[in-house]
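Computed from the coordinates by the stated procedures, all read-outs in this text should not be read as laboratory data. Computed from a prediction, not measured in an experiment: that's the story for all the values here. No Cβ is skipped: glycine too gets one built from the backbone with ideal geometry, and neighbour counts run over all protein chains shown.
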Amino acid sequence: MFQDEARFGRINDVRRCWAPRPVRPLCQAMLTHEYTYAYAAVDVVSGELDSLILPHVNTHCMQLFLDEVGQRHSDKRILMVLDGAGWHVGAELRPPPNMRLLSLPPYAPELNPVEHVWDELREKRFHNRVFDSLDALEDHLEIALRDFEADHPRIQSIVAWPWIIDALLN
């Protein structure tokens, strides 16, 4: 499984959108410094996605996420591929018994397919949207992540990169 975190906040992404002539679409803009974080791990072979919304990115929250994934897949052995974030390498981080951690090379986010899941999520579910509160944003994020978790073929089409599949199956 590959793992990553993403920050979601009350800063919207205003983009161009389609509207019939002569209608001119009206998009609100918001810049508020309130954030929440989504943690995700994906099985690149099956497209299975596990996610959790947590208030911070730190070792404690990372531990909660790893424990949750380990519990959800208690009957499997997991090799969890992580980027080089500081909270991924701390001595306090203890993977569950059925999980081993493997770090990607430093400064190489392009090697982590979960980054593309975040791109898809932001593009399809978050552009041109304004949220009245952080709770409203978290509710929307929860629904979007549940939809993504249920759509294995879609996730697989995003993350099943040939070089990863070849390395795993050969």
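See the values below:
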| read-out | value |
| --- | --- |
| Mean ellipticity per residue at 222 nm, deg cm²/dmol - from DSSP H runs of n ≥ 4 across the chain, formula -39500 (n - 2.57) | -10500 deg cm²/dmol |
| Gaussian network model of the chain, springs between alpha carbon atoms under 10 Å - residue of Pro106, Pro20, Pro95 with greatest fluctuation | Pro20 |
| Folded to 0 to 90 degrees: helix 59-72 orientation relative to the chain principal axis, Cα | 70 degrees |
| Distance in nm between pseudo-label sites at Arg154 and Arg100 (7 Å out along the Cβ direction from Cα) | 3.4 nm |
| Whole-number Å³ per residue for the convex hull built on Cα positions in the stretch 1-152 | 130 Å³ |
| 0 to 90° range, to nearest 10: angle between helix 134-150 axis and the chain longest Cα axis | 60 degrees |
